[in-house]
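The values are calculated or read from the model by the stated rules, or taken from the named source; none is laboratory data. Everything numeric in this text was worked out from a predicted model, so none of it was measured. Cβ placement follows ideal geometry from the backbone for every residue including glycine, while neighbour counts extend to all protein chains displayed.
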Amino acid sequence: MSKNQIIARLEGDTPVVSVEFFPPKTEAGAEQILEAARALQGRDIAFASITCGAGGSTRGLTLEYGRLLREEFHFHVVPHVTCAGYSRRELEEMLDYLIEAKFPGFMALRGDPPKDSGGIFKHPPNGLAHASDLVALARERCRLRGVSAEDFSIGVAGYPGKHPESSDAAADMHWLAHKVAQGSDFITTQLFFDNAVYFDFVVRCREIGIKVPVLPGILPLPSIAQAHKFSAFSGVTIPVALMEKLESCGSDSEAAEKIGLEWAFSQISELLACGAPGFHLYILNRAKPALSLLSRLANR
Ligand code: FAD
């Protein structure tokens, strides 16, 4: 990969596509991620990210699958690293590893609280409290190793509809600007289903001086059950029109999947037409929806 290829792609003329994998916990899950990686290998995907489980729970698996996606399937891999579940020392070791192994960068996240925490985030003893602290730590580790910021890209999360814990949207934007000022190169957004929310978010970013690219996060909803699950989990509103369409499919899972894909396709088409730098697909370790969207977009 050439120097800072991720940023070069984000600032270039061709829309950037990134995909998000998660580390599997079962044998069937392991087969699924490999199958998806195989099917997506060689497509025009600027980078692939791999999540870290709530509370840092997937630890070694995130890096193990990050390495696999990189070495066997040749993706530019951006592992997610969370403050949750790690001491500062452990984070330093992980960042040093990523920098020295020449990963193109990473996603700096505070992380979801562990499942048994009652949904309350407490930063680990000797750990970091906010994603901005992790960005600052990563930039410090780069400096110590003589690696320039351009050689190691840092992505952070953005919430078009406000982070659920934030007291108000202005405070959330203030902390987002702070996180970017620590040395982040791009923002990937929480999933959303109404483009107006993204457009408004980008305007508010620019108004407070956030200049980095904002990659919209898109989830092709596979079913009404997943719609309920994601809405409860992320606090994201799903438009009534989309819910009604999904509900009308009843138990016809193929029809529901088509509706989810159609919605995602319209969203992406409008986002790209209105100047979004690309899109980030939450693929849930499934290649089929991503392949279908990529081929439809190529044939527009
Ligand atoms: P932060 O940027 O630290 O913000 C968290 C909250 O604190 C916000 O309300 C913010 O306004 C506030 N805040 C920030 N800085 C300060 C400060 N200095 N002082 C006071 N308040 C502050 N979770 C995982 O566990 N693993 C993953 O792999 C993962 N991947 C994700 C990928 C994307 C693209 C997105 C959008 C989310 C992801 N998450 C993941 C979820 C994320 O960890 C949670 O939403 C978490 O609650 C917040 O993480 P953050 O990095 O946005 O935190």
**Message:** Going by what's in this entry, would ASP172 be described as outside any loop (DSSP other than H, G, I, E, B), touching a Cys at 6+ places or on another chain (Cβ under 9 Å), among the acidic types (Asp, Glu) and within 8 Å of the ligand (Cβ to nearest atom)?
**Reply:** no
**Asked** When both residues are 6+ apart or on different chains and their Cβ atoms are under 9 Å apart, which pairs have a first residue that lies in the stretch 139-166 and is modelled with pLDDT of 90 or more and more than 16 Å from the ligand (Cβ to nearest atom), and a second that is outside any helix (DSSP H, G or I) and among the small types (Gly, Ala, Ser)?
**Response** CYS142/SER148; CYS142/GLY183; ALA149/GLY183; ASP151/GLY105; PHE152/GLY105
**Request:** Select, from VAL180, VAL214, the only residue that is at pLDDT 95 or above and in contact with a Gly (Cβ under 8 Å, 6 or more places away or on another chain).
**Result:** VAL214
**Message:** Which of the numbered conditions does SER184 fail, given that it passes all the others? Conditions: (1) surrounded by fewer than 22 Cβ atoms within 10 Å (Cβ to Cβ); (2) touching a strand residue (DSSP E or B) at 6+ places or on another chain (Cβ under 7 Å); (3) in a loop (DSSP other than H, G, I, E, B).
**Reply:** (1)
**Asked** Residues PHE47, PHE75: which one is more than 13 Å from the ligand (Cβ to nearest atom), touching a residue at least 24 places away in the same chain (Cβ under 8 Å) and closer than 25 Å to ALA290 by Cβ?
**Response** PHE75
**Item:** Filter result for LYS25 (on the phi < 0 side of the Ramachandran plot, out of contact with any helix residue (DSSP H, G or I) (no Cβ under 7 Å at 6 or more places or on another chain) and in a loop (DSSP other than H, G, I, E, B))
**Value:** yes
**Request:** State which residue pairs qualify: first residue free of Cβ contacts under 8 Å to residues at least 60 places away in the same chain and inside the stretch 197-224, second residue surrounded by fewer than 19 Cβ atoms within 10 Å (Cβ to Cβ) in any location, beta carbons under 7 Å apart, and separation of 6 or more residues or different chains.
**Result:** ILE208/ALA177; GLY209/ALA177; ILE210/ALA177; SER223/SER253; ILE224/GLU247
**Prompt:** Do we have ARG70 as assigned to a loop (DSSP other than H, G, I, E, B), touching a residue at least 12 places away in the same chain (Cβ under 8 Å) and closer than 29 Å to ALA290 by Cβ here?
**Reply:** no
**Request:** Kindly establish whether LEU10 is at pLDDT 95 or above and either farther than 22 Å from PHE121 by Cβ or buried (at least 18 other Cβ atoms within 10 Å of the Cβ) (or both).
**Result:** no
**Prompt:** Do the conditions hold for GLY60, that is, is it without any contact (Cβ under 8 Å) to a residue 60 or more places away in the chain and more than 12 Å from the ligand (Cβ to nearest atom)?
**Reply:** yes
**Fill in**
So, first residue touching a residue at least 60 places away in the same chain (Cβ under 8 Å) in the stretch 253-278, second residue acidic (Asp, Glu), Cβ within less than 8 Å, six or more apart or across chains; the pairs are PRO277/GLU11
**Request:** Check ASP112 against each of (1) surrounded by 13 or more Cβ atoms within 10 Å (Cβ to Cβ); (2) in a helix (DSSP H, G or I); (3) in contact (Cβ under 8 Å) with a residue 24 or more places away in the chain; (4) of a type in the set (Asp, Glu) and name the one condition it does not meet.
**Result:** (2)
**Qualifying positions in the stretch 18-32 - touching a residue at least 24 places away in the same chain (Cβ under 8 Å) and surrounded by fewer than 23 Cβ atoms within 10 Å (Cβ to Cβ)** = GLU20, PHE22, PRO24, LYS25, GLY29, GLN32
**Item:** Count - residues of the stretch 126-138 that are near the ligand (Cβ under 10 Å from one of its atoms) and surrounded by fewer than 20 Cβ atoms within 10 Å (Cβ to Cβ)
**Value:** 3
**Request:** Considering every residue within the stretch 36-44, establish whether at least one is touching a Lys or Arg at 6+ places or on another chain (Cβ under 9 Å), within 14 Å of the ligand (Cβ to nearest atom) and over 13 Å from HIS76 (Cβ atoms).
**Result:** no
